[in-house]
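Readers should treat all values here as calculations from the given coordinates under stated rules, not as data from a laboratory. In this text, all values refer to a predicted model and were calculated from it rather than measured experimentally. We place every Cβ from the backbone using ideal geometry, glycine too, and count neighbours over all the protein chains shown.
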Amino acid sequence: MPPNRTPRWAVALVVAGVAVAFADSSIVVLALPDLYTRFHTTITGVSWVLTAYNLAVAVTALALVVFVHRMRGATLFAVGLLLFAGASVACSAATSAAFLISARCVQGAGAALLLAASLPVLTALTGSTLRGATIWTLAGTFGAALGPALGGVLTQAFGWRAIFVVQAPLALLGLFAAIAVRDVPAADETVAPARAQRIPPNVCIGLLFGALVGVLFLSVLLIVTVWGYSPIGGAAIVSVLPAATLAARPVERRLPPSAAAYGGAALLGLGLIALALLPYAGVGFTIGALTACGIGLGLSIPVLSHAALDLGADLSRSGALTIAVRHVGLVLALASIAPLLAAEVSPAGDKAELRATAVLLDAPVSLSTKIPVALDARTEFARAQTGEIPNLARPFDAHGAKHDPTLARVRDTLVDAIKDTITRAFRSSFLLCASFAAAALGVAFLFRRRGIVA
Amino acid sequence: MNRPRPVVILVALLVAATALIAAELVVGVTHKTVKIADPCEQRTPFPGRGVDATIQRVVLDGLDGAACRLHTSREQLVLSLDGKGRWNAHTIEAVVRGGLLRAVDDAGRNGDIPGLLVPLVRRFVEHAPIRALVEGGIRLRDLIG
């Protein structure tokens, strides 16, 4: 199809599908407390709602590397959309955590199909491999950054099920785009692909997506579960991420590719170090750090994606490979950070409990209030040890904090002390994510002579 | 007007991110955090005047003494008062009562408790249940008042 007859609506529908499929990696993060409450599960259990999707995308995309070039892009895209839409409906109707996690696996498989097939579909719609790949890359980068904010808004406005309800019609609308390119034959990808030169940019992308776990998951977890922001409040804070990613686009276009890749990875790493060194539980520094991360993402991922994609004979397979690598990066980072965070948060909880008691004992309230509140607060802390979310306002409210401004002030001071302590417990995990970004920078630098992104 | 060169923008962004980290380090050093004090060391007494403040000073000082004897913090000891901690009820009772008696004597010497009342308060501390002593400011107030 010649470029001057590009049906823009069809391109827009494919872009929406790609962005949503990438956003789904992190879209439920802000809904995790709601899911946790709804399904009476553990924090580990509810975390599988995230991991299952990314794992399914990674596994399916890896399998697609073998045979995606033998299939018609439009057909595969349509199958992916149908699977994704059906699984989204199933997710929205889930009545148990196990069912939701199973549906998320199917949704992930559908996402991998539609993401891999969307590359040849966009190429057919725009009439240019380069233009198709550029649109695909930008949609994917922006979608990944948008996930938490979008999920937070939907959760707050309509409940967690809305996250999945909204996705189904969006995916089904993409079927019209598949129909628009139904006559385009399968790509001729019979030439032996030059995979070796795609390895360094893919390794960089995998490492950067590993680093993104700090931004897309850890920071959101911190804001919502530790600092206690509502989903919409959390969404407002993390919305700086997609905004910064978008704002970086004009700079990225004018920068030499290698400078964009190095600079983007460095900014992402610095943003993660800034998140690790947050001096207290406050929003100001967090927004600054997330902005750096968003710009870093917007600078580095598009140029690395172009380097990872073979715009000639191996478009579909190189596309499937880079999709797999991104999600392998996410899953491996999640798997390595989860135990680290658990190991840090548990002793931090003990420390926070002692600090909370210290605040109480020094507070200007009567002994007959402070001692029972301290013991009741310990019961709340014990809930966290069994995987529940403690409600530290409860013991205070039970002793009259709602009507006693002095006790309410003590409660707020105590909660701040606890938030500060738990915030510091995230430090090692953020630094581990920053080390992924540093490793990506190192890989890019090591392979600079092979023109990794030039 | 010429647009700034993209490399200049990138360098400015990297400098800004580094400055953000430096600012966090500075604020981190100056930010006041709650510290768990060593119970064996003298600390600033609970502020205020009147009976309530006096009772709090005596009880908190007594808890400090008891925690020092158990080589733990005052906070850890308080969290063990319901018998769910690492010490049994007998041990806690013995050290807390001992700590409170010492604190009453100190308060008597400092003039925080009138000298005439000290024997009365000591007798009360010797016999009242521990939780009532630690939580029961009202009863002590009745006694002192």
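A compact table of results
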quantity	calculated
Extreme residue, positive dipole direction of the stretch A:59-207, given options A:S102, A:G159, A:A180 (C-beta unit charges)	A:S102
Student exercise, the protein assembly as shown dipole from Lys, Arg, Asp, Glu Cβ charges, in Debye to nearest 20	1160 debye
Shielding by other protein chains, A:344-356, mean Cβ within 10 Å	2
Percentage, to the nearest whole number, of Cα pairs in the stretch A:244-403 over 21 Å apart	66 percent
Residue-wise HN-Hα coupling along the stretch A:229-245, computed from phi with Karplus coefficients 6.51, -1.76, 1.60 (Hz; x: Gly, Pro)	6, 6, x, 6, x, x, 4, 4, 5, 7, 5, 5, 5, x, 4, 5, 4
Pairs of lysine residues in the protein assembly as shown - Cα separation under 17 Å, sequence separation of 8 or more or cross-chain	6
Kirkwood-Stokes translational diffusion coefficient of the protein assembly as shown, alpha-carbon pairs, 20 °C, 1.002 mPa s, µm²/s	81 µm²/s
Chain B: DSSP helices with Cα axial extent of at least 30 Å and average Kyte-Doolittle hydropathy no lower than 0.0	B:6-30
Helix axis angle, A:8-23 relative to chain A longest principal axis, alpha carbon, degrees	40 degrees
Whole-Å semi-axes of chain B's equivalent ellipsoid (Cα gyration tensor)	52, 18, 12
For B:23-31, mean number of other protein chain Cβ atoms within 10 Å	4
Helix-only [θ]222 nm of the protein assembly as shown, DSSP H runs n ≥ 4, -39500 (n - 2.57) each, per residue, nearest 500	-25000 deg cm²/dmol
Share of alpha-carbon pairs per 5 Å distance bin for the stretch A:94-138, given as whole %	5, 23, 18, 13, 11, 9, 9, 8, 3, 0
For peptides B:65-77, A:300-312, A:104-116, sequence by mean Cβ density within 10 Å, most packed first	A:104-116, A:300-312, B:65-77
Diffusion constant of the stretch A:293-332 at 4 °C, which comes from Stokes-Einstein with the Kirkwood Cα-pair radius and 1.567 mPa s, µm²/s	119 µm²/s
Rounded to 10°, Cα long-axis angle of helix A:405-425 versus longest principal axis of chain A	40 degrees
On Cα atoms only, tilt of A:367-385 relative to the major axis of chain A in degrees	30 degrees
Directionally averaged projected area (convex hull, Cα atoms, the stretch A:325-454), nm²	10.6 nm²
